[in-house]
Amino acid sequence: MCTCLCKTVRSPEGKLSLYCKGADTIIYEKLHQSCKKLMDVTTEHLNEFAGEGLRTLALAYKDLDEEYFSQWKQRHHEASTTLEDKESKLDELYEEIEKDLLLLGATAIEDKLQDGVPQTIEQLAKADIKIWVLTGDKQETAENIGYSCNLLREEMNEIFIISGHSPEDVRQELRNAQNSMKPNGAVNSLLLFEDMGKHVNLIKDEVADGEYGLVINGHSLAYALESSMELEFLRTACLCKAVICCRVTPLQKAQVVELVKKYKKAVTLAIGDGANDVSMIKVAHIGVGISGQEGMQAVLSSDYSFAQFRFLQRLLLVHGRWSYLRMCKFLRYFFYKNFTFTFVHFWFGFFCGFSAQTVYDEWFITLYNLMYTALPVLGMSLFDQDVDEMWSFQHPQLYIPGQLNLYFSKRAFFKCAIHSCYCSLVLFFIPYAALQDTVRDDGKDVADYQSFALLTQTCLLFAVSIQLGLEMSYWTAVNTFFVLGSLAMYFAVTFTMYSNGMFLIVPSAFPFIGTARNSLNQPNVWLTIILTSILCVLPMVTYRFLLIQLCPTINDKVMFKVRQARATPPPPPRRTRIRRTSSRRSGYAFSHAQGYGDLVTSGRFLRRPAISRPSSFPQVGRATTGFSPMGRSAGYSPTGRPQNAKVQDVEVTSLQMYRTITDRPL
Amino acid sequence: MGKAKDKSGPLARRPDNSAFKQQRLPAWSPMLTANTVLPFFYLLALICMLLGVWLLLTVQSTQEIKLDYTELGNCDQCFQLRKNVSYAAQTCSCKVEFSIDRAFKGDVFFYYGLKNFHQNLRRYMDSRDDEQTLGRNNKLKNPSSYCEPFAKDAEGVPIAPCGAVANSMFNDSFTLTYHPSRSRTIPVPLLRKGLTWYTDKNVKFRNPKTDNLTLAAAFEGTRQPLYWQKPVYDLDPDNPTNNGFINEDLIIWMREAAFPNFKKLYGILNRADASFTKGLPKGNYTIDISYNFPVQYFQGRKVVVLTTLTWFGGQNHFLPIAYLVTSSLILLMAVVLTLAWWKFGKDGKNMKE
């Protein structure tokens, strides 16, 4: 497969020429004999460039004869419209015209990974997120990318390369990989389990003994994605820590994502920056587009978009996590407060002849969700944080509860319902027993319906407000104002509605006149309120405290550390630099074919200090990433030229910048 | 949008770096640690126990006598009489005797009570017209449809006060007599005024405007509720401040009870009388009851209660006992939590990753 890009142009004077660019090995094959000397010189230059880690291309041209070209064009048109054997006919024609080119020279481009890509990938791996790379580049390029961004590591036990050219070969290679990863696992039976009611087989998560990587080529992937082999492929891939698919077409990218979505109980996120990533972004659960030099195609079809890959870390570990936490707390609390509110009517039914008489004042029922409990819940779901962003970055394991769906599942909902049931029992029967046989201190009535309604609704509001206070773990000024303000609002509105003025305006709408004034001045009533609040809230406190003592979650452990760090500030962090002794470490990728392997392994260009692992001490400094850039990102360049001082601006780079030139826009 | 500075250039659309927008607001992050939770629990247990003991002592100082007189003594005959609705117009009176061992010191309150009478039934509670009892003239002869079927009588004459609540007003009356010795009887004076909430008597219930007419004339064109023996303007003809809609017995009855077993204030001991300045002395008492209210239809019972009060209310042992029970539960929980913390979580040994 020839991989060079050719273009025919007509100069202003009317001369027709063919220009060609491509990898040097390919171009050299098409050159005219007369270019031999130039070829040697160019080869020397290319070696130098490649030695400095630049991306090289060779350029050649040829003048075309008008007649010959028009004839060739005719034949090209025939070949492209023929129904059979179009590919081979076109290939023949291209071979014919790309002959005897004259060498122009070589170019070398410096191509960098974006800042922070290796660190991001490492953090996400710690958060138990599996990362697969789907690229259109060649295998060597993709492998280099894998090493340079920490996906493939030297410590990995083995890296499997699947590049079979027939279905059987691919299947065999996959099986071999599986066997080495899981020697005791049954080969033929896939571990499947039925999802309730959906009749879709899902692949369970398995753990391989050791760390493995998988590299699979596009043509092998085409076989692996067939329905007879896809489960096998998926199983093998999921056993590996890192998967790199190279030479994939945009369609195959989407197919791989779909495969994971279909057979694994996982949420998929696809991130890319070019138009060839659009299908993948659309298919995944969450699509992220990187805006940059490639244009806005990926951005326009994505759910989230930002400019640099490293922002993914913040998106997932900080904002995603907080969002999940807030959503779950909000849902749990909302169900709790409404269930409690409603179950009380159930108990009252036994005492009012099941006539559907409400326990509360009608206005309270209207305003409960609208005014008295709306703002506190809103405040909690806008501002709540369990740990702040710095700690979120340092402990990516905090992301795992979200993956396991711990905070709001059927179990959590059931627990919430039980809690509501208990609270409703307390909220009805304590006021019932306290009021039913008593009177005011001056002998007048306090066991009437209206006083009971007022008492119960006040008890309810106190209980749910205190419960909200327990749920909230981040009391900003806004939250405090909302909670206390809502309680104050309740009393203000109640006293207003039960006043003489409102009654005289619309007597039938405000029948509770005088109730607040006559019952809330009784110590009896307030003692009941205090007792119900204690009985509703303390079991929850006990349960939570016991859980923290007996089986603390990762959240509890991190919050404990936060407290300790606040109490005793940690010693200033020592920057440790782990010297990596690998010979294949590079911070940039090559798109050359064979011939430069020696160059890479010689280590000649590895003069700079290696990228260090991020230290585990709390970093002081930029809160955005928490890591200071090293290596190339810090401004070091192997060519000795000064790097751009402004590293923050978005540069050309992206993970997917490398592509093989297979298109023929003739 | 009123932004103070107009940003331009490549960073024009960057959001503000304020603490609010970047979620860096200063905040308090509470956590359930041992040295906040455990002392709190112990303190709360102590407070609840003290409260419980104090309330118990307070409640123990009240004195109460309850008498179920539905079929007691010769009230049984009245009970049987009232079973037959055709004898509703006949009066029936009976006597109930009781004695007090210890004098009731202080104010004594006389209540009548009903058992199994659901004043909290929804349709029953809706069946009233607050605007009519407020004295609004447009509603006097035009009661609200909620009062149906107690809004107009068979001839279409509007009923005042309309509705099922007023219709079922309690109409037994009681007279208390003290027997210091075999031969002597002293009637016990009961104040029948000042029994209602201030807002009820003065704001919620008002008579229709009379304008130099008599009250009876103001109620012209309406008739009394079907189950009543007297029209509303004859409830207390001697006392114009207790007549008509502002009659205290009516007001007290119209304030529906929350539960099927309830008691309502009937009278307060008049301690201006020489014999009863200190309260009710010990000895024998009789109550003469004019037995009118039939209760067998709903398997109800009728009760008479005499009680003294404290700042805490009547004799209701529930709250003191509840506080004591709560305090012991909290103490138990606190001990369990302390053990759990001591064994598992002390010095953060459960927090190692």
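The values are calculated or read from the model by the stated rules, or taken from the named source; none is laboratory data. What you are looking at is a predicted structure, and each value in this text was computed from that prediction instead of being measured. Neighbour counts run over all protein chains shown; Cβ positions are idealised from the backbone, glycine included.
Here are a few things to note about the model shown:
- Taken as a whole, the condition of being under 15 Å from A:THR458 (Cα atoms) and among the small types (Gly, Ala, Ser) applies to A:ALA516.
- Region B:127-186 - residue that is among the basic types (Lys, Arg) and closer than 30 Å to B:ALA274 by Cβ and, of those, farthest from the other protein chains (Cβ to nearest Cβ): B:ARG182
- Tabulated pairs, region A:496-516, first touching a residue at least 12 places away in the same chain (Cβ under 8 Å) and assigned to a loop (DSSP other than H, G, I, E, B), second of a type in the set (Asp, Glu) and buried (at least 16 other Cβ atoms within 10 Å of the Cβ), C-beta under 7 angstrom, 6+ apart or interchain: A:PRO511/B:ASP130; A:PHE512/A:ASP361; A:GLY514/B:ASP200
The rows are residues; the columns are (1) at the interface with another protein chain (Cβ under 9 Å from one of its Cβ atoms); (2) free of Cβ contacts under 8 Å to residues at least 60 places away in the same chain.
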residue: A:SER392; (1), (2): no, no
residue: A:SER409; (1), (2): no, yes
residue: A:ILE418; (1), (2): no, yes
residue: A:ILE430; (1), (2): yes, no
residue: A:ALA433; (1), (2): yes, yes
residue: A:CYS459; (1), (2): no, no
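So that you can scan it fast, the table gives a plain yes or no per residue for (1) loosely packed, with under 15 Cβ neighbours inside 10 Å; (2) modelled with pLDDT under 90; (3) within 30 Å of A:LEU406 (Cα to Cα):
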{"residue": "A:LEU550", "(1), (2), (3)": "yes, no, yes"}
{"residue": "A:LYS557", "(1), (2), (3)": "no, no, yes"}
{"residue": "A:GLN564", "(1), (2), (3)": "yes, yes, yes"}
{"residue": "A:THR568", "(1), (2), (3)": "yes, yes, no"}
{"residue": "A:PRO573", "(1), (2), (3)": "yes, yes, no"}
{"residue": "A:ARG577", "(1), (2), (3)": "yes, yes, no"}
{"residue": "A:SER582", "(1), (2), (3)": "yes, yes, no"}
{"residue": "A:ARG585", "(1), (2), (3)": "no, yes, no"}
{"residue": "A:ALA589", "(1), (2), (3)": "no, yes, no"}
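- Residue in region B:189-204 that is closer than 23 Å to B:LYS282 by Cβ and away from chain A (no Cβ under 13 Å) present: yes
- Candidate set from region A:435-452 (those that are part of a helix (DSSP H, G or I) and crowded, with 24+ Cβ neighbours inside 10 Å); member that is nearest to the other protein chains (Cβ to nearest Cβ): A:PHE452
- Odd one out for B:CYS94 among (1) more than 13 Å from chain A (Cβ to nearest Cβ); (2) in a loop (DSSP other than H, G, I, E, B): (2)
- Qualifying residue in region A:279-296 (condition: at pLDDT below 90 and assigned to a strand (DSSP E or B)): yes
- A:LEU527 vs. criteria part of a helix (DSSP H, G or I) and under 25 Å from B:MET31 (Cα atoms): no
- When A:ALA270 is tested against (1) more than 16 Å from A:PHE160 (Cα to Cα); (2) surrounded by fewer than 19 Cβ atoms within 10 Å (Cβ to Cβ), only condition (2) is not met.
- Cβ-Cβ under 8 Å pairs, at least 6 apart or on other chains, region B:300-325 side within 8 Å of another protein chain (Cβ to nearest Cβ) and hydrophobic (A, V, I, L, M, F, W, C), far side assigned to a strand (DSSP E or B) and buried (at least 21 other Cβ atoms within 10 Å of the Cβ): B:LEU309/A:VAL439; B:LEU309/B:PHE109
- Residues (more than 10 Å from chain A (Cβ to nearest Cβ) and of a type in the set (Gly, Ala, Ser)) located in region B:326-353: B:SER328
- Meets criteria (in contact with a Gly (Cβ under 9 Å, 6 or more places away or on another chain), surrounded by fewer than 16 Cβ atoms within 10 Å (Cβ to Cβ) and farther than 28 Å from B:TYR285 by Cβ) for B:LYS209: yes
- Here A:THR340 clears all of (1) assigned to a helix (DSSP H, G or I); (2) surrounded by 18 or more Cβ atoms within 10 Å (Cβ to Cβ); (3) of a type outside the set (Gly, Ala, Ser); (4) at pLDDT below 95 except the condition numbered (4).
- Strands (runs of 3 or more DSSP E) enclosed by region A:1-119 - at least 2 residues per element that are in contact (Cβ under 8 Å) with a residue 24 or more places away in the chain and out of contact with any Leu (no Cβ under 7 Å at 6 or more places or on another chain): A:4-10, A:55-63
- Residues that are assigned to a helix (DSSP H, G or I), within 20 Å of A:VAL387 (Cα to Cα) and charged (D, E, K, R) occur in region A:305-314; there is at least one.
- The set of residues in region B:318-332 that are touching a helix residue (DSSP H, G or I) at 6+ places or on another chain (Cβ under 6 Å) and of a type outside the set (A, V, I, L, M, F, W, C) comprises B:PRO320, B:TYR323, B:THR326, B:SER327.
- Selected residue (criterion: nearest to A:ALA106 (Cα to Cα)) from residues of region A:18-69 that are among the small types (Gly, Ala, Ser) and modelled with pLDDT under 90: A:ALA58
- Region A:366-390 - residue that is within 14 Å of another protein chain (Cβ to nearest Cβ), touching a Ser or Thr at 6+ places or on another chain (Cβ under 7 Å) and not aromatic (Phe, Trp, Tyr) and, of those, nearest to A:TYR490 (Cα to Cα): A:ASP384
- Only listed residue being loosely packed, with under 15 Cβ neighbours inside 10 Å, in a helix (DSSP H, G or I) and either within 13 Å of chain A (Cβ to nearest Cβ) or touching a His at 6+ places or on another chain (Cβ under 6 Å) (or both), chosen from B:PRO10, B:PRO30, B:PRO15, B:PRO39: B:PRO39
- A single entry from A:LYS241, A:LYS261, A:LYS253 fulfils the requirement of being at pLDDT 90 or above and out of contact with any helix residue (DSSP H, G or I) (no Cβ under 7 Å at 6 or more places or on another chain): A:LYS261.
- Number of residues in region B:234-249 that are within 14 Å of chain A (Cβ to nearest Cβ) and crowded, with 23+ Cβ neighbours inside 10 Å equals 2.
- Note on region B:90-102: residues that are touching a residue at least 60 places away in the same chain (Cβ under 8 Å) and loosely packed, with under 14 Cβ neighbours inside 10 Å total 5.
- Residues (more than 15 Å from A:LEU367 (Cβ to Cβ) and either more than 9 Å from chain B (Cβ to nearest Cβ) or of a type in the set (Asp, Glu) (or both)) located in region A:462-498: A:PHE462, A:ALA463, A:ILE466, A:GLN467, A:LEU468, A:GLU471, A:PHE481, A:PHE482, A:VAL483, A:LEU484
- Contacts under 7 angstrom Cβ, first residue in region A:323-343 being in contact (Cβ under 8 Å) with a residue 60 or more places away in the chain, partner acidic (Asp, Glu), 6 or more apart: A:LEU325/A:ASP384; A:LEU325/A:ASP386; A:LYS329/A:ASP384; A:LYS329/A:GLU471; A:TYR333/A:GLU471
- When B:ILE268 is tested against (1) within 24 Å of the chain's Cα centre (by Cα); (2) at the interface with chain A (Cβ under 8 Å from one of its Cβ atoms); (3) of a type in the set (Val, Ile, Thr); (4) over 30 Å from B:GLN132 (Cα atoms), only condition (4) is not met.
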